Amino acid sequence: MSRARSSAVRGAAFVLLIVAVATSTPIPTPVSAQEPAVLFGASARPRGDQTPRQAVEALENEIGRQLAIVRVYKRWTDPFPTPYDRWLRNSGHTLLLSVSPVWPNGSHIRWANIALAAPGSAIYDRIVSWADRIKAFGALIYFVFDHEPETANPKYVGTPSDFVDAWRKVVEIFRERGANNARFVLTLTAHTFARTDGRSASAWYPGDAYVDAIGADGYNFFGCRPNTGQSWRSFAQIFEPVREFGLSHASKPLMIPEWGSVEDPATPGRKAQWISDARSTLESPDWSQFKAVLYYHSQSSTPPRCDFWADTSSSALGAFAAMGADPYFSGVGPPVIDSVTPTRGVAGTHVAITGANFVAVQSVAFGSVSASFLVVDRNHIEATVPQGAVAGPIHVTTPAGSSASSLRFSVVHPRAVSLQLGKHLVARGSLVVQDGFAECVSQALVKIKWKRPTRHWRLAALTLTRSDGSFRAHLPDRPGRYRAFLAQTTLTSGDVCGRARSPSERHAG
């Protein structure tokens, strides 16, 4: 995309969002458990009076699936996270966050000034602020610093070498601040990877130690934009130079944060075939390094208007929906649960679930009871033991399937016991299970203990509770203090009946 288009997009962060939908969007038949390859996303510009979320939901209703990755555009001083950012995180979607170093007045910060920024300066403090906010966000974020830098006017921003220094400075500060949930995606135009001069992709590359993934934006403009190329170009032609560049950095996944095509007015269905061919290309073994594609479901923001919308025709939309329904583009297989910490707890306990493929998580359940949860990243979920839960496996469900923990989570059911002393030293009391779990009420062993001043507690009597939790026992008529005690017990189901102890009662004798 042109720099003018990029700047306009960045200035309106809410306009272009590559989103995975909320549970209100229909979910297709779960994909198979074949080896996954590509995260499938799309950017949805609001139409008419749509909100960004409504625009995303509209697209996802059209294609019948939930998108797996979200792209959010921000400027240097934009707020983050917004309520929308949090909604994306809390609904289990990964963000691809682009931040442009542009001040509110539209002026671009020179890369050399970023590279040389000293602690306490406005630029340095802003980088620290981004790092701290992303760290606090908690979830995995693919972070793009100043995407498509080569389209900027060097007069105002600097040289490729300046960009590399600025990029490294940003990465170093993020690492120093502990923002380990950020993955750094260098994003250039696809055309740049085909250049062989001093502004080729290699000139902009900060080095493998500073890059987690390599991104490229590319389009089939086909006559829409003068001086950009008037011929029809396939997906493979556009991104082949990117694939070849990736071979020299084989440990780095390749991503396509923006891609799209216009229609050919003279050949109906040609765009649909273009999308289908892109799907086939990405599924070929030579293209297995590509791990994410995010379609630009929008119209270019600067004249001439190029219509990249996925639904410019029913055939194009059908091809795009078919690509999204292909299991290869799930980006993940079924979820896998490796560990649960802790392995027991009362309702309200926070439980850390680790594993893999926690993408677009639809539900987390303790046994058959749904729990509230937060997806930290694709390998970590934080869940809360729900009221009414009983012992059993923890289940995680995504569009790709469902899995259960190999170990049963033991729910602890808190209990409270009372004690009253009557005439002839008859002890009465009642056992209550605070979360209503009846199995911890009946036939519970109650120890009634007695002690004199300065002496230890001794067993005075044993009794069992009735079905309603009440109990009664005759005690030796001795002066001193008495109390009822129940030890923690584990049932065959794995449920844990909590320990309980009554306040002591004094008997004068």
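Numbers for the structure displayed
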read-out	value
Test: residue in region 122-140 that is touching a Pro at 6+ places or on another chain (Cβ under 6 Å), at pLDDT below 90 and under 21 Å from residue 182 (Cα atoms)	yes
Of all residues making up region 295-343, the number that are part of a helix (DSSP H, G or I), hydrophobic (A, V, I, L, M, F, W, C) and more than 29 Å from the chain's Cα centre (by Cα)	1
Hits in region 161-197 (condition: farther than 21 Å from residue 217 by Cβ and either among the small types (Gly, Ala, Ser) or touching a His at 6+ places or on another chain (Cβ under 7 Å) (or both))	161, 178, 179
Wholly enclosed strands (runs of 3 or more DSSP E) of region 415-509 bearing at least 1 residues farther than 30 Å from residue 366 by Cα	426-433, 445-451, 458-464, 470-474, 480-486, 505-507
Every residue from region 109-165 that is in contact (Cβ under 8 Å) with a residue 60 or more places away in the chain and hydrophobic (A, V, I, L, M, F, W, C)	139, 140, 144, 152
Residues (closer than 26 Å to residue 326 by Cβ and of a type in the set (Lys, Arg)) located in region 378-413	378
Among residues of region 392-414, those that are assigned to a loop (DSSP other than H, G, I, E, B) and in contact (Cβ under 8 Å) with a residue 60 or more places away in the chain, counted	7
Residue check, residue 201 assigned by TED's automatic domain parsing to the domain that holds residue 257, touching a helix residue (DSSP H, G or I) at 6+ places or on another chain (Cβ under 8 Å) and either closer than 30 Å to residue 87 by Cβ or modelled with pLDDT under 95 (or both)	no
Complete set of residues in region 203-242 that are touching a residue at least 40 places away in the same chain (Cβ under 8 Å) and of a type in the set (Ser, Thr, Tyr)	205, 210, 219, 234
Among the residues listed as 270, 279, the single one being more than 23 Å from residue 41 (Cβ to Cβ), modelled with pLDDT of 95 or more, buried (at least 17 other Cβ atoms within 10 Å of the Cβ) and in the same structural domain as residue 65 (by TED's automatic domain parsing)	270
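Each row is one residue, and each column tells you yes or no for (1) touching a residue at least 24 places away in the same chain (Cβ under 8 Å); (2) out of contact with any Gly (no Cβ under 7 Å at 6 or more places or on another chain); (3) hydrophobic (A, V, I, L, M, F, W, C); (4) in the same structural domain as residue 63 (by TED's automatic domain parsing).
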{"site": "296", "(1), (2), (3), (4)": "yes, no, no, yes"}
{"site": "301", "(1), (2), (3), (4)": "yes, yes, no, yes"}
{"site": "304", "(1), (2), (3), (4)": "yes, yes, no, yes"}
{"site": "308", "(1), (2), (3), (4)": "yes, no, yes, yes"}
{"site": "316", "(1), (2), (3), (4)": "yes, yes, yes, yes"}
{"site": "323", "(1), (2), (3), (4)": "yes, yes, yes, yes"}
{"site": "341", "(1), (2), (3), (4)": "no, yes, no, no"}
{"site": "345", "(1), (2), (3), (4)": "yes, yes, no, no"}
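Per-residue answers, yes or no, for (1) among the polar types (S, T, N, Q); (2) assigned to a helix (DSSP H, G or I); (3) in contact with a Gly (Cβ under 9 Å, 6 or more places away or on another chain); (4) assigned by TED's automatic domain parsing to the domain that holds residue 206:
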position: 126; (1), (2), (3), (4): no, yes, no, yes
position: 131; (1), (2), (3), (4): no, yes, yes, yes
position: 136; (1), (2), (3), (4): no, yes, no, yes
position: 142; (1), (2), (3), (4): no, no, yes, yes
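The values are calculated or read from the model by the stated rules, or taken from the named source; none is laboratory data. This one's a predicted model, so the numbers in the text were calculated from it and none came from an experiment. No Cβ is skipped: glycine too gets one built from the backbone with ideal geometry, and neighbour counts run over all protein chains shown.
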